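The structure appears below as structure tokens.
The values are calculated or read from the model by the stated rules, or taken from the named source; none is laboratory data. It should be emphasised that the depicted structure is a prediction, and the values quoted were computed from it without experimental measurement. Positions of Cβ are backbone-derived with ideal geometry, glycine not excepted, and every protein chain shown enters the neighbour counts.
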Amino acid sequence: MPIERTLAIIKPDAVAAGNTGKIISMIEENGFKILALRKQQLTRADAEGFYAVHKGKGFFAELVEFMTEAPVILMALEREDAIVKWRDVMGATNPEKAEAGTVRKLYGANIGRNASHGSDAPETAAFEISWFFRGSEL
Ligand code: ADP
Ligand code: MG
């Protein structure tokens, strides 16, 4: 398996609820190296550009509203097979369907407010990391 990078976000719901430290512990316990980390309040333009692939979907406006309501934690992570592994640690998009012990099962409220984000493929990971981090930060 190749060494990969993925973009992880602790979403506004989880940051506001005080779950940042517990989620970062899960990241480290699962063997990810945190290459870069920043707390940031996203602007509408930040969120719309980041989620451009979802533009036109019914939940897009709600998603942008949610992601800009309070600060998030942005992280670039690295490990073997990082993209799939971080999605495994997060669990399914809908917390109701997520496996026990996953980030979304533990800390997500519903399919929209689901505590965390992870890239879904090498191309999207490269785009998402470059959306938030400069090469010199990684
Ligand atoms: P994932 O984050 O697991 O990759 P998607 O890429 O499909 O999931 O969706 C991006 C984000 O949009 C989700 O994490 C969630 O916050 C939100 N979302 C997805 N589907 C819905 C929905 N049906 N209703 C409300 N919000 C949604
Ligand atoms: Mg996605």
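Kindly check whether there is at least one residue in segment 12-19 that is at positive phi and charged (D, E, K, R).
In the first step, residues of segment 12-19 are kept if they are at positive phi; the result is 18.
Okay, now just the ones that are also charged (D, E, K, R), so none.
No, there is no match, as no residue in segment 12-19 is at positive phi and charged (D, E, K, R).
Here are some conditions: (1) in a loop (DSSP other than H, G, I, E, B); (2) within 15 Å of ligand 2 (Cβ to nearest atom). Thr6 meets all but one. Which one does it not meet?
Looking at each condition in turn, Thr6 falls short on (1).
Given the structure, is Pro2 more than 20 Å from Ser130 (Cβ to Cβ) and of a type outside the set (Gly, Ala, Ser)?
No.
Answer yes or no as to whether Lys33 is of a type outside the set (S, T, N, Q) and within 15 Å of ligand 2 (Cβ to nearest atom).
For Lys33, the condition - of a type outside the set (S, T, N, Q) and within 15 Å of ligand 2 (Cβ to nearest atom) - is not met.
Among the residues of segment 15-59, how many are touching a Leu at 6+ places or on another chain (Cβ under 9 Å), loosely packed, with under 14 Cβ neighbours inside 10 Å and without any contact (Cβ under 8 Å) to a residue 24 or more places away in the chain?
Total meeting the criteria: 2.
Within the set of pairs 6+ apart or on separate chains, which have a first residue in segment 108-131 that is near ligand 1 (Cβ under 8 Å from one of its atoms), a second that is of a type in the set (Phe, Trp, Tyr), and C-beta atoms under 7 Å apart?
Correct list of pairs: Gly112/Phe59; Gly112/Phe66; Arg113/Phe66; Gly118/Trp86.
Which pairs turn up if I take residues in segment 73-89 that are farther than 12 Å from Ile27 by Cβ and look for partners that are aliphatic (A, V, I, L, M) with beta carbon separation below 6 Å, at least 6 apart in sequence or on another chain?
Correct list of pairs: Leu74/Ile9; Glu80/Met1; Glu80/Ile3; Asp81/Met1; Ile83/Ala125.
Being within 12 Å of Phe132 (Cβ to Cβ) and at pLDDT 95 or above narrows it down to one of Ala36, Ala45, so name that one. Can you show your working first?
Values: Ala45 fails: within 12 Å of Phe132 (Cβ to Cβ).
On inspection, the qualifying residue turns out to be Ala36.
Would you be able to tell me the number of residues in segment 91-138 that are among the hydroxyl-bearing types (Ser, Thr, Tyr), assigned to a loop (DSSP other than H, G, I, E, B) and over 17 Å from Tyr51 (Cβ atoms)?
Selection size over segment 91-138: 1.
Out of all the residues in segment 85-106, which are within 13 Å of ligand 1 (Cβ to nearest atom) and closer than 15 Å to Ala8 by Cα?
Trp86, Arg87, Asp88, Val89, Met90, Gly91, Ala92, Thr93, Thr102, Val103, Arg104
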